[in-house]
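Notes for the one structure printed next.
The values are calculated or read from the model by the stated rules, or taken from the named source; none is laboratory data. All values reported here derive from a predicted model rather than from experimental measurement. Backbone-built Cβ (ideal geometry, glycine too); neighbour counts: all protein chains shown.
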């Protein structure tokens with residue numbers, strides 16, 4: 001089992017580097033931090049839809065009214081020019097959520113729907129051996145009607 005001195009030396013060096021450096025590129029056990037080019041990435045974000053504080057599927061709602069749905073995709077404004085202070089999400093669901101809202105806007109003369117919809121990002125950041133910290137940042141708030149799905 002331990003017949004290869006270079007393998008044993010490499011293993012000991014890797015474990016030693018992990019112990020000394022912690023959760024850093026390229027030693028992290030979290031894939032998004034271990035990828036090549038991710039050395040400056042310190043957090044990520046996952047888009048979610050909230051209704052009454054509970055996660056929901058955006059497709060369950062229709063006839064939205066609220067601010068410009070482009071606000072749902074804040075990271076898109078920074079992707080072309082590189083990293084910036086925006087929410088660090090490269091998850092395509094933010095574009096899908098924004099597209100759904102844009103394609104299902106309420107007519108001008110219709111009243112607001114009874115459900116308050118929030119589109120938020122759950123921001124996740126590794127905290128060393130302790131695990132992760134998590135915060136929720138709402139980027140869009142509006143109203144909608146539940147769709148009737150038989």
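Key figures for this structure:
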{"read-out": "Answer from 124, 117 - the residue that is at negative phi, at pLDDT 85 or above, within 18 Å of the chain's Cα centre (by Cα) and outside any loop (DSSP other than H, G, I, E, B)", "value": "117"}
{"read-out": "Candidate set: segment 128-150, residues that are surrounded by fewer than 10 Cβ atoms within 10 Å (Cβ to Cβ) and assigned to a loop (DSSP other than H, G, I, E, B); chosen: the one nearest to the chain's Cα centre (by Cα)", "value": "131"}
{"read-out": "Any hit, segment 32-42, residues being part of a strand (DSSP E or B) and either modelled with pLDDT under 75 or within 21 Å of residue 123 (Cβ to Cβ) (or both)", "value": "no"}
{"read-out": "Scan of segment 94-133 for residues that are touching a residue at least 60 places away in the same chain (Cβ under 8 Å) and closer than 13 Å to residue 71 by Cα, ordered by number", "value": "118, 119, 120, 121"}
{"read-out": "Residue, modelled with the highest pLDDT, within segment 9-31, restricted to residues that are part of a helix (DSSP H, G or I) and surrounded by 12 or more Cβ atoms within 10 Å (Cβ to Cβ)", "value": "11"}
{"read-out": "Single match in 6, 47 (criterion: in a helix (DSSP H, G or I) and at pLDDT 75 or above)", "value": "6"}
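Yes/no matrix, rows are residues, columns are (1) over 20 Å from residue 136 (Cα atoms); (2) modelled with pLDDT of 80 or more:
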site	(1), (2)
55	no, yes
66	no, yes
71	no, no
74	no, no
79	yes, no
87	no, no
91	no, no
95	no, yes
99	yes, yes
